[in-house]
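Visitor: Have a look at this one before I ask anything.
The values are calculated or read from the model by the stated rules, or taken from the named source; none is laboratory data. Only a predicted model underlies this, so the values are computations on that prediction, with no experimental measurement involved. Ideal geometry is used to build each Cβ from the backbone, glycine not excepted, and the neighbour counts take in all protein chains shown.
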Amino acid sequence: MLHPVLAVLVAPLLPGVINRTKAYFAGRQGPPLLQAYCDLAKLFRKGATYSRTTTWIFRAGPIVNFACLLAALAVLPLGRVAAPLPFAGDWILLAYLLGLGRFCTVIAALDTGSSFEGMGASREVQFAAFAEPALLVGLAALARRAQELSLTPMYAGLSGAEWAQAMPMLAMVATGFFVLYLAENCRIPVDDPNTHLELTMIHEAMVLDHGSVDFGFVQWGAALKLWVLGALLVGLFPSAPADRPLANLAVGLGWMLALAVATGVAESSMARIRLLRVPQLLVGAGVLCALGLLLGFR
Amino acid sequence: MSILAFRHLEKIPSDQIPAVSIDAFRRDVLGAIAEGCRLVAFYGMPRANAAVRLVAVLAHDRSGELRAVAADPGESYPALAPDCPQAAGFEREIAEQWGVQPRGHPWLKPLRFHRSYRPSRDAWGRTGPESPPPSVLDFFRVEGEGIHEVAVGPVHAGIIEPGHFRFQCHGEQVLHLEISLGYQHRGVERALVGGPHPRTIHHVETLAGDTTIGHALAYAQAVESLAGCRVPARAQALRAVALELERLANHTGDLGALAGDVGYLPTSSFCGRLRGDFLNMTALLCGSRFGRGFVRPGGVAFDVDAALLADLRGRLEATFRDVGGAVNLLWDTPSVMARFENTGAVSPETAAALGLVGPAARASGREIDVRRDFPSGIYRFAQLPVSAVAGGDVFARAYVRWLEIQRSVEFIRGQTASLPGGAVRAPCGPPAPDATVVSLQEGWRGEIAHVATTGADGRFARYKVVDPSFRNWPGLALALRNQEISDFPLCNKSFNLSYCGHDL
């Protein structure tokens, strides 16, 4: 149970680390590391306003998305730290939980009837059509490699020796997962989390109408999604010996923060790509994962 | 051919502008355009008995010659716009201000949503005492399978001025963009009538807040010409330094904003600070970061001493070095160039037909620059090369700005190194009666045109202001054709037009 609790509590730190890294590169001081916690505390104290055109779907969106991510933590290991409820085929459930969360965010956006949220939802779904197969194929490659059907043993089997042996395959899947991590979390080069320009947003456009507690869950959910997809990636990296769970947890947390710093560096050193090019990027990630799968059959 | 040719800033008696029949007027204007002239201003002049006279001012850039012709159209006339697209905006303005109907205008809609200046003469037959609400009207519509409409503004997500943008889209592709402004209309042109009075300079300085020096300079030149005032050389040089500082600040800010729109942080954050450094240099000259209170008819309000000049040059060199570092990152970053290149291209033909001005026109390969073609003040002696590039896309508009930054810095270096001595202000008398003067200045956004006409009492009977934004907004609408809607903010920023400069 240690990992899910840690994830829920520490996830809001990740956007703080990314923002501080970006601020460093921009020559600014940046917001405090714990800004996201302050924002959440503020949002959870606020009263909500709802448009008359919205229904219960709009209110349900952020909560269901948050619940989906919590459920995903139940089957998600962090490196060699086992998940609380591993079972054969849980990687499929993970992919579908992420999909369900996305679906609820999208229909909540459509429920407002705003053209901006509609555009954001349409883009999100279009890109998801490329991102979801890539995630499934990448996880299938890992399953094939480990000859296991559950995430926990899949990741537990990865050691330094494994990297020496299956380096090309793991590197390809890791690269694919890094692209997915950026794309699914609306980071540059796919989306710009800081933009105020309605016409260019993807994720931010979908949540324009949410406020107060709902928006708190949106923000917390976004941080959790960073954690979930980050865990899939950093789990591939070398970790502590399997019999020391606390050391493994610490190493996993360290990798996660390093990944946030790397994201900040990536965001500081490149521009967003054109929206029409995003599918190409995601297909590229999918192809890398598929090659990893093919190498696994060798 | 009954058109009057005259020089820039030449005081001409108003009755010398030939008033011809409307057919001859159309022939003269269209003939001049065919010869390579641009329409600089086209406006209505109130006459006795509530009549309105149309006046067209044209510029022939290569010869540096201005031309003017007038006509009395009555209540309607055959529109110029079908044969001369650059007249379309001016004709909408005339119809709205004076209720004179241009027959056969392809898209006759109000521009600024105010009541007609002539009571009970409304081009749309609207009655009632209150102003019409902005943007409440039909927009151009595209219909068909999968076509959808996106409405943006007037309230935007950022801290910018209000304007309404109506996109007709097919998926992410924009088929048509219609821009509807007028939310910032203050009635400045009407307030200028009866001037110059003590408030006039303040009205002019706030025509477009980021072009304070440019508009104040155009106004001061007009008044000085009407009054026959000779501006001391030192003041002329200081005015040009202030104008170039304004250009530096805004171009730097624009390049940073362009980087911000594509999510490229380093240039975005550095240029934001460096723009402030240039504004502070303007504050060094006159105490205001936006140059308020610096340019006055007859000269400038503040002199500089050697210590201040040394400080200014030191700051200029330091800031320019940083700007070079930040801006060159843009051209060296492939992901930025991939966004800038081939986005929002305007062809040279379109730019000429719409009469675009300033960096937007020069980015489409049009070699026009008031500082070279119609020089005034110190620009007659210290010339700047025209920074024109081919391409017409966002990259071209960004690169023109970078070229102009370098040339403006070079210009300020030269001027501050050899600043003429003497006074900075000469007394400026009252304007001559019954005279007209056309004053042009190259603001950072492009050509600023002021046409001042005095009445028998030596007061402004009409003061026409044409901000470069008025000319360039249609260019933005055409740049968006067949682009992705997500590229709109980027294209918009590459033009960076003023809303209040358009709405006046």
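Visitor: Could you grab me the full set of residues in region B:112-130 that are out of contact with any helix residue (DSSP H, G or I) (no Cβ under 6 Å at 6 or more places or on another chain) and within 20 Å of B:Ile179 (Cβ to Cβ)? Before you say what the answer is, go through the steps one by one.
Guide: Taking region B:112-130 and keeping what is out of contact with any helix residue (DSSP H, G or I) (no Cβ under 6 Å at 6 or more places or on another chain), we get B:113-116, B:119-122, B:124-130.
Once the filter is applied, which keeps residues that are out of contact with any helix residue (DSSP H, G or I) (no Cβ under 6 Å at 6 or more places or on another chain) and within 20 Å of B:Ile179 (Cβ to Cβ), region B:112-130 yields B:Phe113, B:His114, B:Trp124.
Visitor: Could you grab me the full set of residues in region A:200-210 that are aliphatic (A, V, I, L, M) and surrounded by 22 or more Cβ atoms within 10 Å (Cβ to Cβ)?
Guide: Hits for region A:200-210 are A:Met201, A:Ile202, A:Ala205, A:Met206, A:Val207.
Visitor: Which numbered condition in (1) in contact (Cβ under 8 Å) with a residue 60 or more places away in the chain; (2) more than 14 Å from chain B (Cβ to nearest Cβ) is the only one that A:Cys68 fails?
Guide: For A:Cys68, the failing item is (1).
Visitor: A further question follows. Find the helices (runs of 4 or more DSSP H) located wholly in region A:102-195 whose residues include 1 or more that are over 25 Å from B:His148 (Cα atoms) and free of Cβ contacts under 8 Å to residues at least 24 places away in the same chain, and list them.
Guide: Here the list reads A:115-146, A:160-165, A:167-184.
Visitor: For residues in region A:25-50 being in a helix (DSSP H, G or I) and in contact (Cβ under 8 Å) with a residue 40 or more places away in the chain, which is nearest to the other protein chains (Cβ to nearest Cβ)?
Guide: Checking each candidate, the answer is A:Ala26.
Visitor: When you look at B:Val304, is it under 20 Å from the mean Cα position of the chain (by Cα) and either at pLDDT below 95 or closer than 17 Å to B:Glu442 by Cβ (or both), yes or no?
Guide: Values: under 20 Å from the mean Cα position of the chain (by Cα): no; either at pLDDT below 95 or closer than 17 Å to B:Glu442 by Cβ (or both): yes.
Answer is no for this residue.
Visitor: Can I ask one more? Return the residues of region B:91-107 that are part of a loop (DSSP other than H, G, I, E, B) and buried (at least 21 other Cβ atoms within 10 Å of the Cβ); say none if nothing qualifies.
Guide: Scanning region B:91-107 gives B:Gly99, B:Val100.
Visitor: Report, by residue number, each residue of region B:29-77 that is buried (at least 16 other Cβ atoms within 10 Å of the Cβ) and in a loop (DSSP other than H, G, I, E, B).
Guide: Answer for region B:29-77, where residues must be buried (at least 16 other Cβ atoms within 10 Å of the Cβ) and in a loop (DSSP other than H, G, I, E, B): B:Cys37, B:Ala51, B:Asp61, B:Asp72, B:Pro73.
Visitor: Has region B:78-90 got at least one residue that is in contact with a Gly (Cβ under 9 Å, 6 or more places away or on another chain), more than 28 Å from B:Thr350 (Cβ to Cβ) and either surrounded by 16 or more Cβ atoms within 10 Å (Cβ to Cβ) or in contact (Cβ under 8 Å) with a residue 12 or more places away in the chain (or both)?
Guide: Checked against the condition, which is being in contact with a Gly (Cβ under 9 Å, 6 or more places away or on another chain), more than 28 Å from B:Thr350 (Cβ to Cβ) and either surrounded by 16 or more Cβ atoms within 10 Å (Cβ to Cβ) or in contact (Cβ under 8 Å) with a residue 12 or more places away in the chain (or both), region B:78-90 yields no hits at all.
Visitor: Could you tell me whether region A:80-93 includes any residue that is at pLDDT below 90 and of a type in the set (D, E, K, R)?
Guide: Yes, region A:80-93 has at least one match.
Visitor: Only one residue in B:Leu440, B:Leu504 is modelled with pLDDT under 90 and away from chain A (no Cβ under 14 Å). Which one?
Guide: Details: B:Leu440 fails: modelled with pLDDT under 90.
Of the residues listed, the single one that is modelled with pLDDT under 90 and away from chain A (no Cβ under 14 Å) is B:Leu504.
Visitor: Go through region B:250-281 and give me each residue that's buried (at least 24 other Cβ atoms within 10 Å of the Cβ), without any contact (Cβ under 8 Å) to a residue 60 or more places away in the chain and more than 14 Å from chain A (Cβ to nearest Cβ).
Guide: Within region B:250-281, B:Phe278 is the sole residue that qualifies.
Visitor: Could I ask something else about it? Would you kindly identify the strands (runs of 3 or more DSSP E) lying entirely within region B:408-504 that contain at least 1 residues that are among the acidic types (Asp, Glu) and not assigned by TED's automatic domain parsing to the domain that holds B:Leu192?
Guide: none
Visitor: A further question on this structure: Has region A:207-226 got any residue that is at pLDDT 85 or above, more than 22 Å from B:Ser269 (Cβ to Cβ), within 14 Å of chain B (Cβ to nearest Cβ) and part of a helix (DSSP H, G or I)? Don't jump to the end; show me each part of the working.
Guide: Applying the first criterion (at pLDDT 85 or above) to region A:207-226 yields A:207-226.
Add one more test, that the residue is more than 22 Å from B:Ser269 (Cβ to Cβ), and what stays is A:207-226.
From what's left, within 14 Å of chain B (Cβ to nearest Cβ): A:207-209.
Filter once more, keeping what is part of a helix (DSSP H, G or I): none.
No, every residue in region A:207-226 fails to be at pLDDT 85 or above, more than 22 Å from B:Ser269 (Cβ to Cβ), within 14 Å of chain B (Cβ to nearest Cβ) and part of a helix (DSSP H, G or I).
Visitor: Still on this structure, please answer the following. Looking at region A:171-199, which of the residues that are more than 15 Å from A:Glu267 (Cβ to Cβ) and within 14 Å of chain B (Cβ to nearest Cβ) is surrounded by the most Cβ atoms within 10 Å (Cβ to Cβ)?
Guide: Residue satisfying both the conditions and the ranking: A:Leu199.
Visitor: Pull up region B:250-294, narrow it to residues that are assigned to a helix (DSSP H, G or I) and among the polar types (S, T, N, Q), then point me to the one that is farthest from B:Ala326 (Cα to Cα).
Guide: This residue is B:Thr282.
Visitor: Return a yes/no flag: does region B:226-245 have any residue that is polar (S, T, N, Q) and within 14 Å of chain A (Cβ to nearest Cβ).
Guide: No, the conditions are met nowhere in region B:226-245.
Visitor: Something else about it: Provide a single number: the residues in region A:251-295 that are facing another protein chain (nearest Cβ under 10 Å) and surrounded by fewer than 21 Cβ atoms within 10 Å (Cβ to Cβ).
Guide: Summing the residues that are facing another protein chain (nearest Cβ under 10 Å) and surrounded by fewer than 21 Cβ atoms within 10 Å (Cβ to Cβ) in region A:251-295 gives 8.
Visitor: Has region A:241-250 got any residue that is out of contact with any strand residue (DSSP E or B) (no Cβ under 9 Å at 6 or more places or on another chain), in contact (Cβ under 8 Å) with a residue 40 or more places away in the chain and surrounded by 21 or more Cβ atoms within 10 Å (Cβ to Cβ)?
Guide: No, every residue in region A:241-250 fails to be out of contact with any strand residue (DSSP E or B) (no Cβ under 9 Å at 6 or more places or on another chain), in contact (Cβ under 8 Å) with a residue 40 or more places away in the chain and surrounded by 21 or more Cβ atoms within 10 Å (Cβ to Cβ).
Visitor: Scan (1) modelled with pLDDT of 90 or more; (2) over 28 Å from B:Gly458 (Cβ atoms); (3) away from every other protein chain (no Cβ under 14 Å) for the single condition B:Gly209 breaks and write down its number.
Guide: Failing condition for B:Gly209: (1).
Visitor: Could you check, for region A:211-223, whether at least one of its residues is touching a strand residue (DSSP E or B) at 6+ places or on another chain (Cβ under 6 Å) and either free of Cβ contacts under 8 Å to residues at least 24 places away in the same chain or crowded, with 19+ Cβ neighbours inside 10 Å (or both)?
Guide: no
Visitor: Tell me the residue from B:Thr200, B:Thr212 that is touching a Phe, Trp or Tyr at 6+ places or on another chain (Cβ under 6 Å) and either buried (at least 18 other Cβ atoms within 10 Å of the Cβ) or under 27 Å from B:Met45 (Cβ atoms) (or both), please.
Guide: B:Thr212
Visitor: So which of B:Ala390, B:Ala382, B:Ala363 is surrounded by 24 or more Cβ atoms within 10 Å (Cβ to Cβ), touching a residue at least 12 places away in the same chain (Cβ under 8 Å), at negative phi and of a type outside the set (Asp, Glu)?
Guide: None of the others qualify; the one that does is B:Ala363.
Visitor: Out of everything in region B:400-438 that is among the hydroxyl-bearing types (Ser, Thr, Tyr) and in contact (Cβ under 8 Å) with a residue 40 or more places away in the chain, what residue ends up being surrounded by the fewest Cβ atoms within 10 Å (Cβ to Cβ)?
Guide: Filtering first and then ranking leaves B:Thr416.
Visitor: Looking only at region A:147-182, how many residues end up being over 20 Å from A:Pro84 (Cα atoms), small (Gly, Ala, Ser) and modelled with pLDDT under 90? Steps first, answer last, please.
Guide: Initial filter on region A:147-182 (over 20 Å from A:Pro84 (Cα atoms)): A:147, A:159-182.
Adding the requirement that they be small (Gly, Ala, Ser) leaves A:159-161, A:164, A:166, A:171, A:174, A:176.
Next, only the ones that are modelled with pLDDT under 90 stay: A:159-161, A:164, A:166.
Residues flagged as over 20 Å from A:Pro84 (Cα atoms), small (Gly, Ala, Ser) and modelled with pLDDT under 90 within region A:147-182 amount to 5.
Visitor: Tell me, please, whether a residue that is surrounded by fewer than 20 Cβ atoms within 10 Å (Cβ to Cβ), at pLDDT 90 or above, of a type in the set (Lys, Arg) and in a loop (DSSP other than H, G, I, E, B) can be found in region B:187-196.
Guide: no
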